[in-house]
1. Any chance the stretch 50-61 includes a residue that's in contact with a Leu (Cβ under 8 Å, 6 or more places away or on another chain), surrounded by fewer than 24 Cβ atoms within 10 Å (Cβ to Cβ) and within 15 Å of residue 321 (Cα to Cα)?
2. Among the candidates 285, 262, which residue alone is at pLDDT 95 or above and in contact with a Lys or Arg (Cβ under 8 Å, 6 or more places away or on another chain)?
3. Please pick out the residue among 119, 129 that is in contact with a His (Cβ under 8 Å, 6 or more places away or on another chain), open to solvent by less than 10 Å² (accessible area, probe 1.4 Å) and not in a loop (DSSP other than H, G, I, E, B).
4. Quick check on residue 159: is it out of contact with any Lys or Arg (no Cβ under 7 Å at 6 or more places or on another chain), of a type in the set (A, V, I, L, M), under 23 Å from residue 77 (Cα atoms) and open to solvent by 10 Å² or more (accessible area, probe 1.4 Å)?
5. Within the stretch 190-216, track down each residue that is assigned to a strand (DSSP E or B) and either more than 20 Å from residue 260 (Cβ to Cβ) or polar (S, T, N, Q) (or both).
6. In this structure, is residue 241 at pLDDT 95 or above, of a type in the set (Phe, Trp, Tyr) and crowded, with 21+ Cβ neighbours inside 10 Å?
7. Taking the residues in the stretch 1-49 that are modelled with pLDDT of 80 or more and assigned to a loop (DSSP other than H, G, I, E, B) as candidates, determine which candidate is farthest from residue 325 (Cα to Cα).
Amino acid sequence: MLSAHVSRATRTLALVVAVALPASAPADAGSFAFVTNQNSSDLSVIDLIERREIRRIPVPGKPAGVAISHTTGSFYTVSPDDKTVRRFSIETCDLIASTTLPGGPTGIAVDDRSGRLFVSDWYNAGIFVLDSQELAHLGTLQTGSAPAGLVVSSSGVWLASADRDAHQVSLFSLTDLALRATIKVGIRPFGLAEDPQGRLHVANVGSNDVTVIDPELATVVSSVPVGERPYGVAFAAGRAFVTDQYADTLSVYDLDSFESVATLDAGEYPEGIDAAQGGEMIVSANWFSNTLSLIDPTALKVIAEIETGDGPRAFGRFTLDTAPGDDPCSNGQD
């Protein structure tokens, strides 16, 4: 699982933004990344406009999973080693709440409409359902073996989990949390994301491809070949960007045709990936090189590298666009 990842032998608010800022947001609007650093047990808050780290926050237990809530003004982390989920204030970057879970907490996603937080349980084939404010345990959903990545749909209709060892995606209704479908994908799915058209893109680390799913019909739309050991997926400029861990690249394909557009060099061992600046930037966390790569999704080139803590994973949705002047950590302790 996340806390026992094996490398290759050759390589040892108001911050609370009611809606996402559009691409035409004012030049002084902010864009930030909240990057979990597993090896150094902390989190880097990165200003993506100024291209620098503005805060380093201790997070015990080798954190990996991360999610951001506009409604609660919070970011959440999952630390597999101490089995702890933590909630931090975006405004102050102070710890608000924490809870320790049994099993193997791994991936995380938040449903702002219902005020629920979902955390995958790698060891017990399930998903913990938590209250997003106090982190109280509300229930557990059953999935296939070794669930990893989670996604809550932008429509508030469904929740999806990538069940790695079952080679499937479990799809739940957010209305009653009933299991709607299980969908076979490639080999060992891990990260997944919803594209602007509402489709699921599932990165299969064992078969080096991405399975595209129509969640309304619970059917596979396409299978897209990518680089070696794909991990995460993000979207911008009508394209999908996939982190290829073993290839040190990003595979890029078109969201209409699913045809390959480009292969971009990234940092060493890219993992978490997200869009920022209203879709004008792609951000990749590079676990071995301890950096973020900033990518222009239209020009298809890396425009900057920013240092992070040791072992950045950023597994989940980890970027935040803010209104002018609403910088995170602005009122916290230095």
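The values are calculated or read from the model by the stated rules, or taken from the named source; none is laboratory data. Note that the structure is a prediction, hence the values are computed from the model and not measured. Here the Cβ positions follow ideal geometry from the backbone for every residue, glycine too, while neighbour counts run over all protein chains shown. Remember, those area values only see protein heavy atoms, side chains included, never the ligands or the DNA or RNA. Shrake-Rupley method; radii C 1.70, N 1.55, O 1.52, S 1.80 Å.
1. Yes, that holds for at least one residue.
2. 285
3. Within the list 119, 129, the selection yields 129.
4. When the stated conditions are applied, residue 159 does not pass them.
5. Once the filter is applied, which keeps residues that are assigned to a strand (DSSP E or B) and either more than 20 Å from residue 260 (Cβ to Cβ) or polar (S, T, N, Q) (or both), the stretch 190-216 yields 190, 194, 204, 211, 214.
6. Yes: the conditions hold for residue 241.
7. Once the filter is applied, the top-ranked residue is 39.
Here's the yes/no breakdown for (1) more than 30 Å from residue 89 (Cβ to Cβ); (2) in contact with a Leu (Cβ under 9 Å, 6 or more places away or on another chain); (3) of a type outside the set (Lys, Arg):
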| residue | (1), (2), (3) |
| --- | --- |
| 225 | yes, no, yes |
| 240 | yes, yes, yes |
| 243 | no, yes, yes |
| 257 | yes, no, yes |
| 294 | no, yes, yes |
| 298 | yes, no, yes |
| 313 | no, yes, no |
